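The values are calculated or read from the model by the stated rules, or taken from the named source; none is laboratory data. Owing to the predicted nature of the structure, the values given are computational and were not obtained by experimental measurement. All Cβ positions, glycine included, derive from the backbone under ideal geometry; neighbour counts span all protein chains shown.
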Amino acid sequence: MTTPALPHNELDRIIELADFDLDYGSLQHQFKDLTMLAAKVAGADISLVNLIDSFTSWTIANHGLPVEQLPREEAVCQYTIAEEEKFEVTDLSLDDRFKDKFYVKDDPHLKYYFGVPLKTPSGNAIGSLCVFDKESKPLSPEKIEMLKIISGEIVNRLQTYRAMQQLKEDAKEAMESKKRVAHDIRGPIGGIIGLARVISEQGDENNMEEVLQFINLIYKSGNSLLELADEILSTEAQQSANAKLGAGESTQLILKEKLEKLYAPQAQNKGIRFRVYTSQETEAIAFSKSKLLQIIGNLISNAMKFTPPGGNITVEINMNLDEQMNELCITVTDTGIGMSSDKVGAILNGNGFSTAGTGGEQGYGFGLALVKHLVDSIDGKLMITSEPGKGTVFHITIPQAKIAL
């Protein structure tokens, strides 16, 4: 099996893809028109938009072939992202790299491939726009140029999507802040109004001692309002200066559903039992979903790679509650081949390494280094327990600011 050369900026590439913080299973409608256009421009049967992380080629939009994901080593597009402008194979069945792939040997018997890397303004190829056909018919320079224009529009939409998600989150945070202020001042203001009404209704029956007591209570209620205002202003300023989390929020139940949708097919293909568990007591509490799909997804894909058929992979999600700050806890456990203490140390130091998986899967070396980078970027902690032949346990804790429901 021929392993393609990694892009020279592979770690930067997968970090930037992770920064988009995408749910790969929910983007079809945003790019469906562009895949149809690409197929029409190329005169091809099939067009795909693929985003490629350390382990998987995720098809976020398709035309002519209902595919959602492939192991990275099975995808032709893994070669495209290492090219500057394009990658073309005129006959897949005659190319040693692809002639034994299932989509070439079996239905739909694909023969021709042309791909354009999806390059961000920073120069990282986070995926590809590609077309396939059952006949070999190379594209003209004019058609190639049009496909490049379409690939640029795909990147523009991805950037716009990221910006819109951030704007939505900013607006939601502003609205939640207003709701909190309204809720918190209702009590003190109600107390002031009630005390004032009592004084007014008693009229001449008020004696000086009672009036002084009422005034003292009014003073305390008013002072609590001032303290609340100071607290809100201080908190808002701190959040503005130190905001690190990205857009959106989730719950354990929503995250469980997404993980099962994205990774259950991989487990089924390899004959692995895959389960996701939540904590019933805290499964409906909201938390920031920033980077979570990328972090957990890379850990699951790594576990799939190193767990043989018949093995088990479990993901456990829990929330530790505290008055000031909650803590999201994620544990990914596999019954795979395990790791030596040297490899565990390398991961915790942010260094990548690569070995072949139990099913011959190719290694790309940066998946776990990316996990460490992402966990650090959101002030989380990563712990690893593993022994050769005894599986691996990844345990992650991430601080979570309380989110109003």
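A few comments on the model shown:
- Just one residue in the set Val89, Val131 is in contact with a strand residue (DSSP E or B) (Cβ under 6 Å, 6 or more places away or on another chain) and without any contact (Cβ under 8 Å) to a residue 40 or more places away in the chain; that residue is Val89.
- Residue ID - nearest to Ile154 (Cα to Cα), chosen from residues in the range 44-89 that are among the polar types (S, T, N, Q) and part of a strand (DSSP E or B): Asn50
- Remark: pairs (first residue in the range 8-20, farther than 15 Å from Ser128 by Cα; second residue part of a helix (DSSP H, G or I) and of a type in the set (Lys, Arg); Cβ separation under 9 Å; 6+ apart in sequence or on different chains) = Asp19/Arg162; Phe20/Arg162.
- Leu92 vs. criteria in contact with a Cys (Cβ under 6 Å, 6 or more places away or on another chain), surrounded by 15 or more Cβ atoms within 10 Å (Cβ to Cβ), more than 21 Å from Lys270 (Cβ to Cβ) and modelled with pLDDT of 95 or more: no
- A count restricted to the range 45-68 and to residues that are farther than 25 Å from Phe366 by Cα, buried (at least 22 other Cβ atoms within 10 Å of the Cβ) and at pLDDT below 95 stands at 0.
- For the range 135-147, the criterion of being assigned to a loop (DSSP other than H, G, I, E, B), at positive phi and surrounded by fewer than 21 Cβ atoms within 10 Å (Cβ to Cβ) is satisfied by no residue at all.
- Complete set of residues in the range 69-87 that are in contact with a helix residue (DSSP H, G or I) (Cβ under 9 Å, 6 or more places away or on another chain), charged (D, E, K, R) and surrounded by 16 or more Cβ atoms within 10 Å (Cβ to Cβ): Arg72, Glu74, Lys86
- Of residues in the range 354-402 being of a type in the set (Val, Ile, Thr), assigned to a loop (DSSP other than H, G, I, E, B) and over 21 Å from Asp322 (Cα atoms), the one modelled with the highest pLDDT: Thr358
- All of Ala264, Ala303, Ala284 fail the test of being free of Cβ contacts under 8 Å to residues at least 12 places away in the same chain and either assigned by TED's automatic domain parsing to the domain that holds Thr385 or of a type in the set (A, V, I, L, M, F, W, C) (or both), apart from Ala264.
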